[in-house]
Amino acid sequence: MSLLDWIHPDPSLAVRGDGVLLRLPRNSDYRQWSDLRHHSRDFLQPWEPSWPEDDLTRAAYRRRLAVYTREIELGGAYPFFIFRPDDEALVGGVTLSNIRRGVAETATLGYWIGQPFVRRGYATAAVRAVCRFGFGRLGLHRIEAACLPSNDGSRGVLENCGFEHEGLARAYLKINGTWRDHLLFGLIRSEAPEEV
């Protein structure tokens, strides 16, 4: 892999997983994204940072895409939307962010699934696929993740994908307006399960 592979990725970049297709967000995804986030708001809000007032507007979405483009160009993040390949329904998102090169070769994993699609294996399939991408194409050594102690679903996804519980970070992230403790998880390339 050359340096330019991760600084200037193909805009049509896609990653396939078991029953999921991960691809970079596009302008044309706005309506599906906005509808899914709107209908899943009460479900997602307890696990996420507070949403800005204009979060679901087209203007905010365009700003989001501009940030994504810049992060990809700098090699600092890869935000993917998760689709069902058979009908191209948007089911959620998964991101490798805070990519650190040099002596770290590490990224932070985050993901969300819309309420209509929970407990159907999409998050697990997407996390496995993005980890293969991170360890393979990006050449990462380690992927880190965190979740609220009360988020049994997210913890299960991480454990099913081979992540090891490494500790507790007190007041780690501001979630829904409150600084919350998080469980910390890590996955090292040499220890990743075969399916990752």
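Just a few scattered comments:
- The set of residues in region 24-64 being hydrophobic (A, V, I, L, M, F, W, C) and surrounded by 13 or more Cβ atoms within 10 Å (Cβ to Cβ) consists of L24, W33, L36, F43, L44, W47, W51, L56, A60.
- Taking residues in region 49-78 that are within 22 Å of L173 (Cβ to Cβ), and partners anywhere that are part of a loop (DSSP other than H, G, I, E, B) and of a type in the set (G, A, S), the pairs with Cβ atoms closer than 7 Å and at least 6 places apart or on different chains are S50/G177; E71/A77.
- Candidate set: region 44-90, residues that are under 16 Å from the mean Cα position of the chain (by Cα) and small (G, A, S); chosen: the one nearest to C131 (Cα to Cα): A77
- Any hit, region 37-46, residues being touching a residue at least 24 places away in the same chain (Cβ under 8 Å), closer than 20 Å to L96 by Cα and not in a helix (DSSP H, G or I): no
- Answer residue from region 129-155, given it is over 25 Å from R180 (Cβ atoms) and in contact with a strand residue (DSSP E or B) (Cβ under 6 Å, 6 or more places away or on another chain) and is surrounded by the fewest Cβ atoms within 10 Å (Cβ to Cβ) among those: F133
Since every read-out is calculated from the coordinates, none of them should be taken as a lab result. All values derive from a computational prediction rather than experimental measurement. Methodologically, a virtual Cβ is constructed for each residue, glycine included, from the backbone with ideal geometry; neighbour enumeration extends over all protein chains shown.
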